[in-house]
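These notes concern the structure reproduced below.
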Amino acid sequence: MKNLILKAILLVSAAIISGNYKAQSDHFKIKNPYYSHTAVNPLKVSNSEWKKILKPELYQVAREGATETAFTGKYDEFDERGTYYCAVCGNALFLSTSKFATTCGWPSFYQPVRKNSVQYRKDTSYNMTRTEVLCGRCGSHLGHMFDDGPKPTGKRFCMNSVCLDFIPMRKNK
């Protein structure tokens, strides 16, 4: 399984580097100097700087911890093969092979692409105890993790579509 994940990351990275795919830019007010599909170094960028770069709908969810309305996100019922990235910084988050169908209204995955691609924080808002999922590179709020997912992990990473970019797997000609 690890070899398959590594191979998928390498294929997508090679396509990006070769110019076959360009970084998503519809989330930004201005050019985002921090957006990279290949960088993994943690970012220390202030919210005031992110507010200048990100469109309001992304800033509100990713930097202020809001949640998009259920069943409205572009990736909720999306079913293509490829890789999901952080819409704020371009960090690789999930492979489409770990996405599964739910009725919760948000795209759900059973595992991140690599151990450090996401971070976790206890969230006690709304009189609930949940596990918040943050981007491992920029610290943006992505959604929450629950213990009701499928095997092999039993986890459900319930993500906000607005916080995700997607690059399809390159098709052989």
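The values are calculated or read from the model by the stated rules, or taken from the named source; none is laboratory data. In this text, all values refer to a predicted model and were calculated from it rather than measured experimentally. Cβ: placed from backbone, ideal geometry, glycine included. Neighbour counts: every protein chain shown. All accessible areas refer to the heavy atoms of the entire protein, side chains included, with ligands and DNA or RNA removed. Shrake-Rupley method; radii C 1.70, N 1.55, O 1.52, S 1.80 Å.
Computed from phi, the 3J(HN,Hα) profile of the range 152-167 under the Karplus parametrisation 6.51, -1.76, 1.60 (θ = phi - 60°) reads x, 9, x, 9, 10, 8, 9, 10, 7, 4, 4, 8, 10, 10, 10, 10 Hz, with x in place of Gly and Pro. Using the Karplus curve 6.51 cos²θ - 1.76 cosθ + 1.60 with θ = phi - 60°, what ³J(HN,Hα) values do you get for each residue of the range 126-136, in whole Hz, with x for Gly and Pro? For the range 126-136, the Karplus-derived couplings read 6, 6, 10, 10, 9, 10, 6, 10, 10, 4, x Hz, x marking Gly and Pro.
For Met169, Met159, what's the largest-to-smallest order of accessible area, 1.4 Å probe? Each step should come with its number before you reach the end.
Working: Met169 70, Met159 0 Å².
The most accessible residue leads, giving Met169, Met159.
Taking amide H atoms as placed 1.01 Å from N in the peptide plane, the amide H of Asn91 lies under 5 Å from those of Ser36, Cys86, each 5 or more residues away in sequence or on another chain.
Mind scanning Lys31/Lys52; Lys55/Lys155; Lys55/Lys115 and naming the pairs with a C-alpha gap bigger than 19 Å? List each step's numbers first, then the result.
Details: Lys31/Lys52 10 Å; Lys55/Lys155 30 Å; Lys55/Lys115 29 Å.
Long pairs (Cα-Cα over 19 Å): Lys55/Lys155; Lys55/Lys115.
Anisotropy class assigned to the range 26-107 is oblate, per the alpha carbon gyration tensor with a/c at or over the 1.5 cut-off and a/b no larger than b/c.
Peptides 125-138, 99-112 ordered by packing proxy, namely the average of other Cβ atoms within 10 Å per residue, highest first: 99-112, 125-138.
Need the full-extension length gain, Ala39 to Phe146, defined as separation in residues times 0.36 nm minus the C-alpha distance. One decimal, nm. Before the final figure, lay out each step's value.
On the way: separation 107, 0.36 × 107 = 38.52 nm, distance 2.80 nm.
Additional length available on full extension: 35.7 nm.
With the whole protein complex present, Glu64 retains an accessible surface near 120 Å², based on a 1.4 Å probe. In plain terms, the chain from Thr153 to Asn127 could stretch by 6.7 nm, reckoned as 0.36 nm per residue minus the Cα-Cα distance.
If you sort Val88, Val162 by accessible surface, 1.4 Å probe, largest first, the order is Val162, Val88.
You can think of it this way: the chain between Glu77 and Lys52 has 5.9 nm of extra reach, that is 0.36 nm per residue less the Cα-Cα gap. Using the Karplus relation 6.51 cos²θ - 1.76 cosθ + 1.60 with θ = phi - 60°, the per-residue 3J(HN,Hα) values for the range 30-47 come to 9, 4, 8, x, 9, 7, 7, 7, 10, 6, 10, 5, x, 9, 10, 10, 6, 4 Hz, with x marking Gly and Pro.
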